[in-house]
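Novice: One structure, pasted below without further comment.
The values are calculated or read from the model by the stated rules, or taken from the named source; none is laboratory data. Small disclaimer: the values here were computed from a predicted structure and weren't measured. Counting neighbours? That spans all protein chains shown, and the Cβs are built from the backbone with ideal geometry, glycine included. Heavy atoms of the whole protein, side chains included, go into the accessibility calculation; ligands, DNA and RNA do not. Shrake-Rupley method; radii C 1.70, N 1.55, O 1.52, S 1.80 Å.
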Amino acid sequence: MKHLGTKTIKTDRLILRKFKLTDAVDMYNNWANDDDVTRYITWGTHKNIEETKKIVEEYVNDSLRDNYYHWCIVLKETNEAVGSIGAFRIFDDLKLFEIGYCIGKRFWNKGITTEATKALIKFFFEEVGVNRIEARHDTKNPASGRVMIKSGLKFEGILRQAGKNNTGITDSAVYAILKEDWILGIDYQKNALNKI
């Protein structure tokens, strides 16, 4: 693999870029302070803007590394930060990235997360040289699985009591796409949405 770090990626509606310190306000207001948004993820709801500022400062510092992949999702139309997406577990020996995402409730069901996920998949396969991209979600959060399927990932199974988030110990649904599948354009979306 060729680690390139958090390069700016543009899509039709989005700019995916490194976090800036000034993103703390949007992050806090749009997703980090909302219990509905953080329910099925591993970090807790932020209690105040100061907590968010510290986290964003860590993101900014970490983004100096070429093996760090964490984007702020920004709407082109408004220049508003609405969520984040990235590779949170990296296995260089397997050329495997596990991705995850989080987006503010006001922006749910608009195809934003799917658009961002597809852009990451393309970047990881074409430029970084990843071979396998996987993602997981709490089985009680099927909306996240729909994003994965719409982004081209295939449902591979459920790992029982293999995850932990703000609801406790959970079952994890696992999805993945291989570079060879992506190159061939294999469409796992057909019939898959009916299964979740």
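Novice: If I ask for residues that are aliphatic (A, V, I, L, M), within 10 Å of the chain's Cα centre (by Cα) and in a helix (DSSP H, G or I), which ones from the range 111-138 would you list? Spell out how you get there, then give the answer.
Specialist: Initially, the range 111-138 is screened for residues aliphatic (A, V, I, L, M), giving 112, 116, 119-121, 128, 130, 133, 135.
Of the ones still in play, those that are also within 10 Å of the chain's Cα centre (by Cα) are 116, 120, 135.
Listed by number, the residues that qualify are 116, 120.
Novice: Separate question: Contact list please: Cβ distance under 8 Å, first residue in the range 80-100 and free of Cβ contacts under 8 Å to residues at least 40 places away in the same chain, second residue open to solvent by less than 70 Å² (accessible area, probe 1.4 Å) and of a type in the set (Lys, Arg), pairs at least six apart or on different chains.
Specialist: Listed by first residue and then by second, the contacts come to 94/132; 96/132; 97/132.
Novice: Can residue 95 be described as closer than 12 Å to residue 11 by Cβ and open to solvent by 10 Å² or more (accessible area, probe 1.4 Å)?
Specialist: no
Novice: Exactly one of (1) open to solvent by 40 Å² or more (accessible area, probe 1.4 Å); (2) under 30 Å from residue 46 (Cα atoms); (3) not in a helix (DSSP H, G or I) is unmet by residue 186. Its number?
Specialist: (2) is the only condition that residue 186 fails.
Novice: Go over the candidates 162, 119 one by one and state the one that is without any contact (Cβ under 8 Å) to a residue 40 or more places away in the chain and of a type in the set (A, V, I, L, M).
Specialist: Just one listed residue meets the conditions, 162.
Novice: What is the one condition in (1) surrounded by fewer than 21 Cβ atoms within 10 Å (Cβ to Cβ); (2) more than 19 Å from residue 40 (Cβ to Cβ) that residue 120 does not satisfy?
Specialist: Condition (1) is where residue 120 drops out.
Novice: Further, regarding this structure: So which residues in the range 64-90 are β-branched (Val, Ile, Thr) and either modelled with pLDDT under 95 or open to solvent by less than 40 Å² (accessible area, probe 1.4 Å) (or both), if there are any at all?
Specialist: Selection gives 73, 74, 82, 85.
Novice: Considering only the range 39-49, I want to know if a residue exists there that is buried (at least 17 other Cβ atoms within 10 Å of the Cβ) and basic (Lys, Arg).
Specialist: Looking for residues that are buried (at least 17 other Cβ atoms within 10 Å of the Cβ) and basic (Lys, Arg), one finds none in the range 39-49, hence no.
Novice: So, in the range 163-179, how many residues would count as being closer than 13 Å to residue 142 by Cα and of a type in the set (A, V, I, L, M, F, W, C)?
Specialist: 2
Novice: Taking only the range 123-140 into account, find how many residues are open to solvent by less than 40 Å² (accessible area, probe 1.4 Å) and either more than 15 Å from residue 70 (Cα to Cα) or β-branched (Val, Ile, Thr) (or both).
Specialist: Residues flagged as open to solvent by less than 40 Å² (accessible area, probe 1.4 Å) and either more than 15 Å from residue 70 (Cα to Cα) or β-branched (Val, Ile, Thr) (or both) within the range 123-140 amount to 8.
Novice: Within 16 Å of the chain's Cα centre (by Cα), crowded, with 18+ Cβ neighbours inside 10 Å and part of a loop (DSSP other than H, G, I, E, B): does that describe residue 145?
Specialist: Judged against the criteria, residue 145 is not a match.
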